[in-house]
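Remarks on the structure that follows.
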Amino acid sequence: MAAKCALLGAWTRVSSVFVIAVTASAIIAAAAIAGTSSASAADWNCQPEARAQHKLEPPTLQQPYNIGQLKFLLRDYYFCGGYAQDFATVVAEASAYLHQHASEYKKPALVLDIDETSLSNWVEIDQDDFGFIPGGACPMRPGMACGDLAWELSSRATALKPTLALFKDAKAAHIPVFFITGRRDQSNLRLATIKNLNKVGYHHWDGLVMRPILSTGSVAAFKSKARADLEARGYTVVVNMGDQESDLDGGAHAKKAIRLPNPFYFIP
Ligand SMILES: [Mg+2]
């Protein structure tokens, strides 16, 4: 805690350029603290004097990117509200478009991605210090990794509230909502995903399309085809919202593609 606060206070912003006024050893020490014990919002210094840092702006390349500094910025962006604010702004854009245009189509539909669109995996992301660990258990103990499949099977992801509100508004307006996710369609993961969605408030959705186990190639091709399948059933995807470009595929098979912020990981 003390080391983090000292680090945060040592960053100053001059003429849009971050000046790092701490020693390399101090940065490494703080990054190590953040990485070895999962951080929490209560631990983080979001004092008003540091507000300028809560937007995600990496340092200029006077030096090569330093992964410890970038992790620090990501946690600051998340814990101090920058991420939530940017996320809500984009969802508001999706909501406005959906409600303005849905009535133009006979069978309008809203398509949502799941991870970092409808559900937040921040707890896992933070626990793994921004690494991706596909296998192994997820004990959620300090200093221990959390395997991705075990995490998803535990149904512990939380709702991203702006998306949940959009979902509920769409359902109230009788607009069908479909989830299309890159999560693999294996029986235990399908059940765990359904359980997670229902647990956090996504009720009475109209379909859940998961990626077939044997599907290879880009996620974009799978998702684009899933939207084309909806079109073949007579639906018009008025809004397709996701956190990766591969969720959107340039807007194919949707009237409006909405890209949410996700600086935490990349899915090609
Ligand atoms: Mg996603």
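The values are calculated or read from the model by the stated rules, or taken from the named source; none is laboratory data. Worth saying up front: this structure is predicted, and the values here are computed from it rather than measured. Because the Cβ atoms are built from the backbone with ideal geometry, glycine has one as well, and the counts that use them run over all protein chains shown. Note: accessible area is taken over every heavy atom of the protein model, side chains too, but ligands, DNA and RNA are not part of it. Shrake-Rupley method; radii C 1.70, N 1.55, O 1.52, S 1.80 Å.
Examine region 239-250 for a residue that is more than 13 Å from the ligand (Cβ to nearest atom), open to solvent by 30 Å² or more (accessible area, probe 1.4 Å), modelled with pLDDT under 95 and of a type in the set (Gly, Ala, Ser), and state whether such a residue exists.
Keep residues of region 239-250 that are more than 13 Å from the ligand (Cβ to nearest atom), which gives 239, 249-250.
Now drop any that are not open to solvent by 30 Å² or more (accessible area, probe 1.4 Å), which leaves 249-250.
Now restrict to residues that are modelled with pLDDT under 95: 249-250.
Applying the additional criterion that residues be of a type in the set (Gly, Ala, Ser) yields 250.
There is at least one residue in region 239-250 that is more than 13 Å from the ligand (Cβ to nearest atom), open to solvent by 30 Å² or more (accessible area, probe 1.4 Å), modelled with pLDDT under 95 and of a type in the set (Gly, Ala, Ser).
Taking region 222-238 as the range and being open to solvent by 20 Å² or more (accessible area, probe 1.4 Å) and within 16 Å of the ligand (Cβ to nearest atom) as the test, only PHE222 passes. When ILE213 is tested against (1) open to solvent by 20 Å² or more (accessible area, probe 1.4 Å); (2) under 20 Å from ALA102 (Cβ atoms); (3) not small (Gly, Ala, Ser), just one condition goes unmet, and that condition is (2).
A residue that is hydrophobic (A, V, I, L, M, F, W, C), away from the ligand (no atom under 16 Å from the Cβ) and open to solvent by 30 Å² or more (accessible area, probe 1.4 Å) can be found somewhere in region 181-200.
Taking the stated definitions as given, is PHE87 aromatic (Phe, Trp, Tyr), surrounded by 15 or more Cβ atoms within 10 Å (Cβ to Cβ) and within 16 Å of the ligand (Cβ to nearest atom)? Against the criterion (aromatic (Phe, Trp, Tyr), surrounded by 15 or more Cβ atoms within 10 Å (Cβ to Cβ) and within 16 Å of the ligand (Cβ to nearest atom)), PHE87 qualifies.
Within region 251-262, if we keep just the residues that are under 16 Å from SER118 (Cα atoms) and in a loop (DSSP other than H, G, I, E, B), the residue that is least open to solvent (accessible area, probe 1.4 Å) turns out to be LEU260.
Checked against the criteria, LEU56 counts as modelled with pLDDT under 95 and either of a type in the set (Asp, Glu) or buried (at least 16 other Cβ atoms within 10 Å of the Cβ) (or both). Residue count for region 155-178 under the criterion of being of a type in the set (Gly, Ala, Ser) and either surrounded by 17 or more Cβ atoms within 10 Å (Cβ to Cβ) or touching an Asp or Glu at 6+ places or on another chain (Cβ under 8 Å) (or both): the result is 4.
Just the residues that are away from the ligand (no atom under 11 Å from the Cβ) and over 23 Å from ALA170 (Cβ atoms), please, taken from region 251-268.
PRO263, PRO268
Being assigned to a strand (DSSP E or B) and either surrounded by fewer than 22 Cβ atoms within 10 Å (Cβ to Cβ) or at pLDDT below 95 (or both) is the filter here; which residues of region 94-119 pass it? Scanning region 94-119 gives a single hit, PRO108. Restricting attention to region 119-167, and to residues there that are over 25 Å from LEU70 (Cα atoms) and among the hydroxyl-bearing types (Ser, Thr, Tyr), which single residue is nearest to the ligand (Cβ to nearest atom)? Here the answer is THR163. Summed over region 59-84, the residues that are buried (at least 20 other Cβ atoms within 10 Å of the Cβ) and more than 18 Å from TYR265 (Cα to Cα) give a count of 1.
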